[in-house]
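Trainee: Handing you this structure, nothing more for now.
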Amino acid sequence: MKSTIRGKNINLPIFCPDATRGVLRATDSVDIQAAGIAGLIVNTFHLLSTPGIEALQSAGGITKFMNWPGLTISDSGGFQIFSLIHRKSGVGKITDDGVSFNLDGTKHYVTPETCIATQFDIGADVLICLDDCADQTISESEMSKSVDRTIDWAKRCRDEYDRQISERNLTQDTRPLLFAVVQGGNYIKQRKRCAQELTKIGFDGFGFGGWPIGEEGKLNTEALEATVQYTKDSKYHYALGVGDPKSCVECSQMGYNIFDCVLPTRDARHGRLYVWKNTPSPELLNGDFYEYLRIDKQAYQSDNTPISPYCDCYTCQNYSKSYLRHLFKVNDTLAYRLATIHNIRFYAQLFEQLQSS
């Protein structure tokens, strides 16, 4: 399915690697485009800290700052803020009005209004509402309060979004899209209520909020399916944080069409590479279609073949397993670039097959 967002033509489903701090680590915009990646996600929380909004504004927004012409999504940063607060006692506090926290000795205060205003200043094409990402193990009564807060914050985000649109004289074609996040944990009743109330407010798309992977490491299928089911009239369904290849395939079949994850780039920097088991095709995705290659193995010391015979990335076209293994052994940063290029190209190929199917 094709879609146009702020004049940028994209094919759905789409995978957006995490350029959290305004950089896809070890690569540049030319590498990313050449690998076939069409979108990136940046993080409001981290960009607020470094380089700061003033630097982004002076550059003309995040896309000019990064020299990135593709789609850019700005995450609200809520997940990072809440995980920070839950993990470290005394770091911050969550109230109905907003979130206060200390970071590197600096006090920050984030409300739904400032979150949206900051994302406008960042200049992304898709903005995400601030939501209350609660601990998934809390009781249903506690989760109900979290959902109430998520709904209330979404209303405030929408009001601020409309105000910014008016103040900046943006049109239907030039405005960024606004997505809300459906919370509720594994309590399907709460997730349904959250989705229905957010739909009444009105958003361009909806994301899955919470933990997509359960305690046993399996996909949280019931909650994921419920989120799509109760927002089924929306064009965009965002599987926030879903990124391992098989989960991408499964969630795409549920109806999700936007994905992001740190896995392919993080794995690349640790020498864990993704390899097709056969020529990429939509039919191949129905089975066990890929495997991991650990480039540090002794077996690759004199292996002068590319990482994968089914990959057309810059790395596979120009370098061998032996050379890449050598780069990791001598701790040269080129290893991270070449490995990352390969892994993001694997994901681009994967989503090309999903688009075809």
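The values are calculated or read from the model by the stated rules, or taken from the named source; none is laboratory data. What you see is a predicted model; the values in this text were computed from it and never measured. Heads up, the Cβs are rebuilt from the backbone with ideal geometry, glycines too, and the neighbour counts pull from every protein chain shown.
Trainee: How many residues are in contact with a Gly (Cβ under 8 Å, 6 or more places away or on another chain) and farther than 23 Å from Trp68 by Cα if we restrict to segment 115-139?
Mentor: So the count comes out to 7.
Residue by residue, here is whether (1) assigned to a strand (DSSP E or B); (2) in the same structural domain as Asn286 (by TED's automatic domain parsing); (3) in contact (Cβ under 8 Å) with a residue 40 or more places away in the chain holds:
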position: Glu216; (1), (2), (3): no, no, no
position: Ala223; (1), (2), (3): no, no, no
position: Thr227; (1), (2), (3): no, no, yes
position: His237; (1), (2), (3): yes, no, no
position: Gly243; (1), (2), (3): no, no, yes
position: Glu250; (1), (2), (3): no, no, no
position: Gln253; (1), (2), (3): no, no, no
position: Tyr256; (1), (2), (3): no, no, yes
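Trainee: When Ser58 is evaluated against the numbered criteria (1) in contact (Cβ under 8 Å) with a residue 24 or more places away in the chain; (2) not aromatic (Phe, Trp, Tyr); (3) not in a strand (DSSP E or B), which criterion, by number, is the only one it fails?
Mentor: All conditions are met except number (1).
Trainee: Okay, next question. Just to be sure I understand the filter: pairs with C-beta atoms under 7 Å, separated by 6 or more residues or on different chains, first member in segment 132-154 and of a type in the set (Asp, Glu), second member part of a helix (DSSP H, G or I) and modelled with pLDDT under 90. Which pairs pass?
Mentor: Asp135/His86
Trainee: Sort out which residues of segment 309-337 are closer than 13 Å to Gly271 by Cα and under 26 Å from the mean Cα position of the chain (by Cα), and write them in order of number.
Mentor: Within segment 309-337, Thr333, Leu334, Ala335, Tyr336, Arg337 meet the criteria.
Trainee: Return the only residue of Ser322, Ser308 being small (Gly, Ala, Ser) and either in contact (Cβ under 8 Å) with a residue 40 or more places away in the chain or not in a helix (DSSP H, G or I) (or both).
Mentor: Exactly one of Ser322, Ser308 is small (Gly, Ala, Ser) and either in contact (Cβ under 8 Å) with a residue 40 or more places away in the chain or not in a helix (DSSP H, G or I) (or both), namely Ser308.
Trainee: Moving to a separate point now. Can we say Phe101 is surrounded by 12 or more Cβ atoms within 10 Å (Cβ to Cβ), over 26 Å from Ile32 (Cβ atoms), in the same structural domain as Ile128 (by TED's automatic domain parsing) and modelled with pLDDT under 90?
Mentor: Answer is yes for this residue.
Trainee: Consider Gly214 carefully, then state whether it is crowded, with 19+ Cβ neighbours inside 10 Å and at pLDDT below 95.
Mentor: For Gly214, the condition - crowded, with 19+ Cβ neighbours inside 10 Å and at pLDDT below 95 - is not met.
Trainee: Give the residues of segment 325-340 that are outside any loop (DSSP other than H, G, I, E, B) and either surrounded by fewer than 23 Cβ atoms within 10 Å (Cβ to Cβ) or in contact with a Gly (Cβ under 6 Å, 6 or more places away or on another chain) (or both), sorted by residue number.
Mentor: Arg325, His326, Leu327, Phe328, Lys329, Leu334, Ala335, Tyr336, Arg337
Trainee: Can you confirm whether Cys157 is within 22 Å of the chain's Cα centre (by Cα) and in a helix (DSSP H, G or I)?
Mentor: On the way: within 22 Å of the chain's Cα centre (by Cα): yes; in a helix (DSSP H, G or I): yes.
Criteria met by Cys157.
Trainee: What's the number of the only condition in (1) among the basic types (Lys, Arg); (2) surrounded by fewer than 19 Cβ atoms within 10 Å (Cβ to Cβ); (3) closer than 15 Å to Thr114 by Cα that Arg158 fails to meet?
Mentor: (2)
Trainee: Something else: Looking at (1) assigned to a helix (DSSP H, G or I); (2) closer than 26 Å to Ala335 by Cβ, which one does Asp303 not meet, given that it meets all the others?
Mentor: (1)
Trainee: Here's another thing I want to ask about it. Look at Val147 and say whether it is under 25 Å from Ile41 (Cβ atoms), crowded, with 24+ Cβ neighbours inside 10 Å, out of contact with any Ser or Thr (no Cβ under 7 Å at 6 or more places or on another chain) and aliphatic (A, V, I, L, M).
Mentor: So Val147 passes the test.
Trainee: In segment 284-297, which residues are in contact with a helix residue (DSSP H, G or I) (Cβ under 9 Å, 6 or more places away or on another chain) and either of a type outside the set (Ser, Thr, Tyr) or loosely packed, with under 13 Cβ neighbours inside 10 Å (or both)?
Mentor: Step one: list which residues in segment 284-297 are in contact with a helix residue (DSSP H, G or I) (Cβ under 9 Å, 6 or more places away or on another chain), which gives 284-286, 288-290, 292-297.
Within segment 284-297, Leu284, Leu285, Asn286, Asp288, Phe289, Tyr292, Leu293, Arg294, Ile295, Asp296, Lys297 qualify.
Trainee: Determine whether segment 39-55 contains at least one residue that is at pLDDT 95 or above, surrounded by 22 or more Cβ atoms within 10 Å (Cβ to Cβ) and more than 21 Å from Ile128 (Cα to Cα).
Mentor: For segment 39-55, residues at pLDDT 95 or above, surrounded by 22 or more Cβ atoms within 10 Å (Cβ to Cβ) and more than 21 Å from Ile128 (Cα to Cα): absent.
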